[in-house]
Amino acid sequence: MSGVMPPRLQLGPKPHLGYTQSLIDRVADRRLDTAWLGACLTDAGTRTYVIGGELIVLKKGNNPHEPGFTPDEARALAPPTESVFLGLLDGAARFGTGITPANAEALKARDDLVVTDLRSIAIQGLVAPEHLPPLAEAKAMLHWHTRHRFCSNCGVKTEMVDAGWKRACPACKIEHFPRTDPVVIMLAVRGDRGLLGRSGRFGATMWSCLAGFVEPGEAMEDAVRRETQEEAGVKCGRVKYLYSQPWPFPMSLMNGCLAEALNDDLTMDKNELVDLRWFSKDECAAMLMRKHPDGLTTPPPVAIAHHIIRTWVENDSELF
Ligand SMILES: [Zn+2]
């Protein structure tokens, strides 16, 4: 064994993690101020994001496009299903306006608009980066409202209150709050090798971290160990939390972790994955930088998996 450590791989300036570092001030105390919220609707600086299911409506511009509409412009596009207050951006109110997916689809015919999904917007940089976090906030909130119209306790139709941050049941008086679902996404590492898998939903050359929902009564670290065991047959010891990312598909919070793998042999869960193997740091570095000889890639920088793999590649065993 040589006592000389190999040089750390350094890949240059770090890309931004999509949907994070929101500039929105959520001013939660204003959610109950109906007079103030009403006045916002006629304020010249107020803008709203218009979303129909998976589709986001943008005003066509010279790249980037503009996702903010005045309340009047939004109403003219299609009848709103809901409107939620997101907070203040540069001191002006920001809302999210829901329309039906069918109405959003119909707006694709207009040549003054761009109507596409949020993944494409993020990956292709179709809007200025400061719009991604409030778009994620609006999309997740509007999705929650469309799926929680009836009281889960008594079945009666609920009413949206607090500018969208609550639904109240008029019959049994229970209050329902917007939900976000915790997911663990982890890179299991063993020495100089990291474990990546391929889902059948991926493009043919993309490999990523394993991931799964945290279950009730489960610590995040335990979910990392369970999911890695279930999907890959790999037991894990120490788990290190790195950072998180809101993932509005439809309303998750991705918790990025590294896990210390304790065995090499792999037993792939064929229901979850179509391929699974160990990758060296050098190979991962090439995949991150889109320089792999076989064209293999990690997910793009907008996704947390890219950052988890990169953190491991650029650091040594001090990570735990
Ligand atoms: Zn009820």
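Observations on the model:
- Highest average first, the peptides 157-163, 301-307 ordered by how many other beta carbon atoms sit within 10 Å of their residues are 301-307, 157-163.
- Surface share of carbon and sulfur [accessible, 1.4 angstrom probe, percent] for the range 1-76: 56 percent
- Counted residue by residue at 0.36 nm each, then reduced by the alpha carbon distance between them, the extension gain from residue 318 to residue 294 reaches 5.6 nm.
- Projected label points at residue 166 and residue 180, each 7 Å from Cα along the beta carbon direction, are separated by 2.0 nanometres.
- Label zone of residue 275 (point 7 Å out along Cα→Cβ, amide N under 11 Å): in the range 176-197 this covers 197.
- Against the chain, whose longest principal axis is taken from its Cα atoms, helix 220-232 shows a tilt of about 60°.
- With all protein chains kept in place, the per residue accessible area of the range 1-84 amounts to 61 square angstrom at a probe of 1.4 angstrom.
- For residue 226, the solvent-accessible surface computed with a 1.4 Å probe is close to 40 Å², ligands and nucleic acids excluded.
- For 180, 311, the ranking by accessible surface with the largest value first comes to 180, 311, using a 1.4 Å probe.
- Separation between Cα centres of the range 250-320 and the range 151-198, rounded to whole Å: 26 Å
- Segment residue 36-residue 263, length gained on full extension (0.36 nm per residue, minus Cα span): 75.8 nm
- Computed FRET value (nearest 0.05) for residue 202 with residue 27, which takes r as the C-beta separation and R₀ as 51 Å: 0.80
- Rounded to the nearest 10 Å², the accessible area of residue 294 at probe 1.4 Å: 110 Å²
- Solvent-accessible area, 1.4 Å probe, carbon plus sulfur percent, for the range 175-251: 53 percent
- Burial order of peptide ranges 45-52, 250-257 (average beta-carbon count within 10 Å, highest first): 45-52, 250-257
- Under 12 Å from residue 281, Cα to Cα: aspartates and glutamates that are on another chain or at least 8 residues apart: 192, 314, 316
- Cysteine residues of the chain whose Cβ has no partner cysteine Cβ closer than 4.7 Å: 40, 209, 236, 257, 284.
The values are calculated or read from the model by the stated rules, or taken from the named source; none is laboratory data. Bear in mind that the values here come from a model prediction, so they are computed numbers and not experimental data. Neighbour counts run over all protein chains shown; Cβ positions are idealised from the backbone, glycine included. Heavy atoms of the whole protein, side chains included, go into the accessibility calculation; ligands, DNA and RNA do not. Shrake-Rupley method; radii C 1.70, N 1.55, O 1.52, S 1.80 Å.
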